[in-house]
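One structure below.
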Amino acid sequence: MKQLYSIALALAALTALANPAAALGLKPESLELLQYFQSKGGEVYVDSLLCDEYAPAMGLAHGNEIHICSAPHHGDFHEMEDTIRHELWHVIQFCNGSPITTDPINAITTAAAKGWTGQGYNDPNVWHSEAEAYYVAKAKNETFIRQNLNHYCFQ
Ligand SMILES: [Zn+2]
């Protein structure tokens, strides 16, 4: 992972971003959540090589790293904020060692009610975690993500 070029998405360093437009349109709550994650040791990458490898992924989570891929969002910052909540929820799942909810069928049906189709996820083993992350990103806000980061990762 060291060969990935890393770009800190800190408010104070926005001009240092390779792609500052990818961050400038995010709402303050979203940037503050990313900053908080970084302040606790999390790593945030924008348009890293993983984005190329897994194109057209909107984002990826890998241990304590999240990768936000700007191109597939086509300038839709609301969607990018959703992706940030989604990927940070995967970090929370990683800290927990599993999805937070215990019933995969309920997680999938709840997410489906919010529009989740499972499209792009061929492996049924990921449906629980993906459906849960989809639902949380759609239904919950940055405060909720931060509270759960604290509970599952940073206590
Ligand atoms: Zn996901």
Counted residues, region 74-86 - those being without any contact (Cβ under 8 Å) to a residue 40 or more places away in the chain and within 15 Å of the ligand (Cβ to nearest atom): 1
Hits in region 87-110 (condition: of a type outside the set (Val, Ile, Thr) and within 16 Å of the ligand (Cβ to nearest atom)): GLU87, LEU88, TRP89, HIS90, GLN93, PHE94, CYS95, ASN96, SER98, PRO99, PRO104, ALA107
Those residues of region 49-99 which are among the hydroxyl-bearing types (Ser, Thr, Tyr) and in a helix (DSSP H, G or I), in sequence order: THR83
Unique residue being within 12 Å of the ligand (Cβ to nearest atom) and either touching a residue at least 24 places away in the same chain (Cβ under 8 Å) or not small (Gly, Ala, Ser) (or both) when the list is ALA71, ALA61: ALA61
Selected residue (criterion: nearest to LYS114 (Cα to Cα)) from residues of region 45-64 that are modelled with pLDDT under 95 and in contact with a Phe, Trp or Tyr (Cβ under 7 Å, 6 or more places away or on another chain): GLY63
All positions within region 128-144 that are within 14 Å of the ligand (Cβ to nearest atom) and buried (at least 20 other Cβ atoms within 10 Å of the Cβ): HIS128, SER129, GLU130, ALA131, GLU132, ALA133, TYR134, TYR135, VAL136, ALA137
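The values are calculated or read from the model by the stated rules, or taken from the named source; none is laboratory data. The structure displayed is predicted, hence computed values, not measured ones. Every residue, glycine as well, gets a Cβ built from its backbone with ideal geometry; the counts of neighbours run over all protein chains shown.
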